[in-house]
């Protein structure tokens, strides 16, 4: 049975820059070959849950100020309208036509560069509690038995106001929060993680919550946490990847 994954997607330049996280995601795709992907990205927030039923989701370049080469990238993966409809019915969600934002297509373009795995996007319901987001993951858990990969795409730490040069070391305030999360995940301390905003330096690492919340979905879809990758980009972007078996 496949695990669920939490992927820290960092900057959109992850698609082009051969950082340790970039190289890791290239290898990860070789190890996991699902029949479809269901992804919840920090970059598609809605008040209530939506599911994309697009047959061929467009590649959304939802960023600015980057090189033309990044805007030229396309990720032509197919959708899976049948799976989307099934999920919408099960979850009480609304079906919509929507493309793949960079939180979805950037890591997937590294994992599956041939775009040969269908992708269904779920929105991140911004009005839901941490408990409800974890319960959403629990409702997705049985997809793993169908060889469907459940991914939460966000960032373990994400304060763009304090961004540093690419190869900068991780400041202590970033490391303190990242280590707190790591320790709680390995201990299976879901109650602490449901109250993650109370963790040391939580507000500084996440001035807004949307990049942490996909972790709660991925955690709900699995159980035992294993950190598959740990690195940092721009000092304040912990690029950790966790799988939940």
### Task
Within the stretch 1-49, track down each residue that is touching a helix residue (DSSP H, G or I) at 6+ places or on another chain (Cβ under 6 Å), more than 19 Å from residue 70 (Cα to Cα), at pLDDT 95 or above and surrounded by fewer than 16 Cβ atoms within 10 Å (Cβ to Cβ).
none
### Task
Look through 153, 168 and report the one residue that is touching a residue at least 24 places away in the same chain (Cβ under 8 Å), under 18 Å from residue 135 (Cα atoms) and not in a helix (DSSP H, G or I).
153
### Message
Given the condition assigned to a helix (DSSP H, G or I) and under 24 Å from residue 147 (Cβ atoms), answer yes or no: does some residue in the stretch 7-20 qualify?
### Response
no
### Query
Of all residues in the stretch 160-203, how many are crowded, with 17+ Cβ neighbours inside 10 Å and in contact with a strand residue (DSSP E or B) (Cβ under 7 Å, 6 or more places away or on another chain)?
5
### Task
May I ask you to say which residue of 69, 77 is in a helix (DSSP H, G or I), touching a residue at least 40 places away in the same chain (Cβ under 8 Å) and more than 22 Å from residue 230 (Cα to Cα)?
69
### Query
Within the stretch 65-82, can you find the residues that are under 20 Å from the mean Cα position of the chain (by Cα) and loosely packed, with under 15 Cβ neighbours inside 10 Å?
74, 76
### Task
Would you check which residues across the stretch 226-244 are surrounded by fewer than 24 Cβ atoms within 10 Å (Cβ to Cβ), in contact with a strand residue (DSSP E or B) (Cβ under 7 Å, 6 or more places away or on another chain) and closer than 15 Å to residue 9 by Cβ and list them?
228, 229, 240, 241
### Task
Please state which of the following conditions residue 39 fails to meet, knowing it meets all the rest: (1) under 22 Å from residue 236 (Cα atoms); (2) assigned to a strand (DSSP E or B).
(1)
### Query
Has the stretch 83-99 got any residue that is within 16 Å of the chain's Cα centre (by Cα) and buried (at least 19 other Cβ atoms within 10 Å of the Cβ)?
yes
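The values are calculated or read from the model by the stated rules, or taken from the named source; none is laboratory data. A quick note: this is a predicted structure, and the numbers were derived from the prediction, not measured. Because the Cβ atoms are built from the backbone with ideal geometry, glycine has one as well, and the counts that use them run over all protein chains shown.
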